[in-house]
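Taken together, the values in this text are just the output of simple stated rules run on the coordinates, not laboratory data. What you see is a predicted model; the values in this text were computed from it and never measured. Please note: Cβ atoms are built from the backbone with ideal geometry, for glycine as well, and neighbour counts cover all protein chains shown.
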Amino acid sequence: MQIPLNEFEQIIEEPILKRGLSYFKSGAVLDFLEIAKEEYEAVVSGTENYMVQLKIKNNTITEYYCDCPYDLGPVCKHILAAIFYLKQDELHLNEPKLKKVRKEKTTSVAQQIKELLKTISHKELVEFVLENSKKDKKFTNVFLASFGHLSQTQSKEFYQNQIHSILKTAAGRDGWIGWSDMKYVVNTTQPFLENANKFLANTNYENVFFISTALLEEMTEAFQFGDDSNGDLGYFIEMAMELLSKLAQEKLPDTLKQEIFEYCISSFNQKIFEGWDWHLGMLDLAVDLIKEESDANIILDCLETVSGKYEIEEAQSLKLDLLRRFKEEAEVEKYINRHISNSEIRKKEIEIAFKNENFKRVIELAIDGIKQDEQDKPGLVKVWYNWMLKVAQSQKDTPRIIEYSRFLFINNFYPEQDYYQILKYTIASDRWNDFLEDLIKELSTKKRWSDDELIRKIYITEQSWDRLFLLLKQNCSLESIKNNEAYLSTDYKSELIQMYSKRLIAYVDKYVGRNHYQTACTYLRRMKKLGGNEEVNNLIALFIKQYPQRKALLDELSRV
């Protein structure tokens with residue numbers, strides 16, 4: 001994201017903002033250089049010294065970087081410390097060590113390296129690389145990842161060995177790639193993807209195949225000895241599969257197309273990726289590489305060996321696609337009828353029937369789906385009802401539009417269409433209020449949280465603020481007050497302030513810890529915005545009197 005300098009305190013999350021300010025005030029910004037117009041480099045002290053870079057255009061930070069391992073959000077505390085340093089005069093902050101942004105008197109690190117490269121001889125550079133390759137495995141891995149694509153002896157094994165070395169180096173002596181080690185894996189492996197995309201653009205398809213398959217195999221294996229809580233290994237697998245998919249769409253030489261097809265089949269048969277989505281994905285990829293019916297038969301034979309409930313259903317859908325392409329219509333029809341209980345096949349058949357305006361077929365399949373799935377798969381029941389609604393809409397069948405929309409509004413919390421608006425548009429205006437009252441009455445008897453939300457939606461849509469306020473009183477929590485504040489603040493400002501006050505007293509009494517105190521203070525600020533300054537001051541005085549030992553609470557209250 002971009003960070004406007006005059007609004008950064010409003011758009012950055014408060015915890016990170018506070019940490020950044022604390023770092024700045026403690027003198028963690030050790031150096032701050034303007035290396036070019038509106039480009040800055042800072043050294044910020046943390047667990048170690050970190051390099052922060054900022055680029056600014058039109059008083060907005062357009063690019064920012066820190067080499068710390070933080071990845072729980074877009075901006076770390078070191079970047080915030082540098083921003084506070086940059087804005088210290090405008091914010092009237094007293095930074096303890098450095099007083100001004102100083103213009104760089106010497107060249108930046110990058111500029112120094114550029115100057116040195118002009119003077120170092122080719123022989124000296126070669127010796128330096130060779131010497132450091134002997135001493136530093138990480139240096140070797142980075143070098144090969146960056147320049148290995150220039151080698152004349154490339155193969156899948158060539159890339160696989162390099163990626164394997166990166167992973168083993170990251171694993172270290174204990175054989176486990178920890179969360180912090182993954183950053184090295186990502187940074188060192190990323191060049192393989194970059195080079196593969198260059199190969200793809202330059203029609204060097206064979207090397208794309210080599211890199212993709214090497215990444216797939218090594219990253220799949222790495223799940224056994226790596227912490228993938230950030231999804232880094234999964235990212236490389238996803239990108240490798242995407243590259244292979246793009247490759248399959250290109251006009252490949254027949255020999256390479258056959259090689260990729262055989263790899264897909266052999267990797268499936270050898271179960272290299274068994275247990276992962278891309279195991280069956282290999283056959284899906286092979287479908288795009290089919291040259292003749294004999295290839296389709298090979299895939300069909302593989303699909304017959306698939307086990308596992310969900311895998312079998314996915315395989316059935318893939319098999320149907322192949323049958324449509326290569327087999328007689330009678331065989332296709334027979335297969336569909338035998339496997340229509342597969343929801344994906346049913347969906348596909350409904351889509352085809354609807355597109356061909358075979359509405360009778362759509363209704364038959366949808367009703368059958370409802371009967372089959374109403375006990376165990378209520379989510380699918382809504383899918384089938386939605387198709388019946390689409391048919392009713394196409395046929396302008398008003399009674400059924402109302403029937404299906406009403407059912408879907410009540411029972412579908414993640415709607416595919418706006419069923420409420422469909423109902424309002426369809427039902428005559430003189431009948432609308434009576435219809436709504438019946439709907440609200442039915443929802444009120446169910447006593448489900450989702451039904452209360454639907455009633456709330458009705459009141460908001462119809463702007464029934466009195467009834468919304470009564471609903472809030474029945475289920476009044478700090479969160480629900482906040483969620484309804486925008487709709488009720490005009491007519492019920494004082495009541496909302498009193499609601500906040502009563503529940504904040506109970507909240508602070510019950511919960512202990514800075515996070516809870518920060519939450520309480522957030523609601524105090526909301527009370528202030530509603531005009532409850534006196535009530536807020538009274539609450540702060542009450543909390544200070546009742547909880548003088550809670551230093552973190554007193555600290556947070558001082559910021560309100």
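Tabulated values for the structure
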| item | result |
| --- | --- |
| Sorted peptide list for 17-25, 52-60, 441-449, criterion being average Cβ within 10 angstrom, highest first | 17-25, 52-60, 441-449 |
| Residue exposure sequence - Trp179, Trp278, Trp384 - by fewest surrounding Cβ within 10 Å | Trp179, Trp278, Trp384 |
| The chain, relative contact order in percent, only Cα pairs under 8 angstrom and at least six apart counted | 5 |
| Too-long pairs where the Cα-Cα distance tops 29 Å, listed order kept, from Lys57/Lys246; Lys360/Lys424; Lys87/Lys138 | Lys57/Lys246; Lys87/Lys138 |
| Estimated FRET transfer efficiency (Glu242, Tyr511; beta-carbon r; R0 51 Å; 0.05) | 0.65 |
| Potential lengthening between Ser341 and Ser22 on full extension [0.36 nm per residue; Cα-Cα distance subtracted] | 108.8 nm |
| Packing-based order for 72-83, 321-332, using average beta carbon neighbours within 10 Å, highest first | 72-83, 321-332 |
| Distance violations [Cα-Cα > 23 Å] among Lys309/Lys371; Lys348/Lys382; Lys502/Lys529; Lys251/Lys347; Lys319/Lys390; Lys114/Lys183 | Lys251/Lys347; Lys319/Lys390; Lys114/Lys183 |
| Correct choice for Cα Rg over 2.2 N^0.38 Å that was computed from the model, options [x] 0.98; [y] 1.40; [z] 1.31 | [z] |
| Inter-site label distance for Arg361 and Glu262 at 7 Å from Cα along Cβ, in nm | 4.1 |
| Normalised contact order of the stretch 409-516, rounded percent, pairs of Cα under 8 Å and 6 or more residues apart | 15 |
| Length released on extending from Ile540 to Asn433, taking residue separation times 0.36 nm less the Cα-Cα span | 33.9 nm |
| Student exercise, the chain dipole from Lys, Arg, Asp, Glu Cβ charges, in Debye to nearest 20 | 2480 |
| DSSP H segments from the chain that extend 24 Å or more along their own axis, Cα-based, with Kyte-Doolittle mean of -0.5 or above | 182-201, 205-222, 232-249, 378-394, 493-510 |
| Principal axes of the stretch 477-557: Cα extent on each, largest first, Å | 39, 22, 16 |
| Ellipsoid equivalent to the stretch 225-349 - semi-axes via the Cα gyration tensor, in Å | 26, 20, 13 |
| The stretch 363-466: C-alpha gyration tensor shape, a/c 1.5 cut-off, then a/b vs b/c | oblate |
| Residues in the stretch 225-246 reached by a label modelled at Glu13 [backbone nitrogen below 18 Å; 7 Å Cα→Cβ] | 229-231 |
| Qualifying lysines (Cα of each under 18 Å from Cα of Lys447; at least 8 residues distant if same chain) | Lys457, Lys473 |
| Order by protection proxy (mean Cβ within 10 Å, highest first), peptides 281-287, 202-208, 427-433 | 281-287, 202-208, 427-433 |
| Viscosity 1.306 mPa s, 10 °C: Kirkwood-radius Stokes-Einstein D of the stretch 158-296 over Cα pairs, µm²/s | 102 |
| Inter-probe distance in nm under a simple model that places probes 7 Å from Cα toward Cβ, at Ile120 and Asn230 | 2.8 |
| Cut-off 10 Å between beta-carbons: net charge of the residues surrounding Ser245, Lys and Arg +1, Asp and Glu -1 | -2 |
| Estimated FRET transfer efficiency when R0 is 45 angstrom, pair Leu554-Ser444 (beta carbons, to 0.05) | 0.50 |
| Residues whose placed amide H lies under 5 Å from that of Asp31, excluding near-sequence neighbours | Val43 |
| The stretch 106-222 - percent relative contact order, Cα under 8 Å, separation 6 or more | 26 |
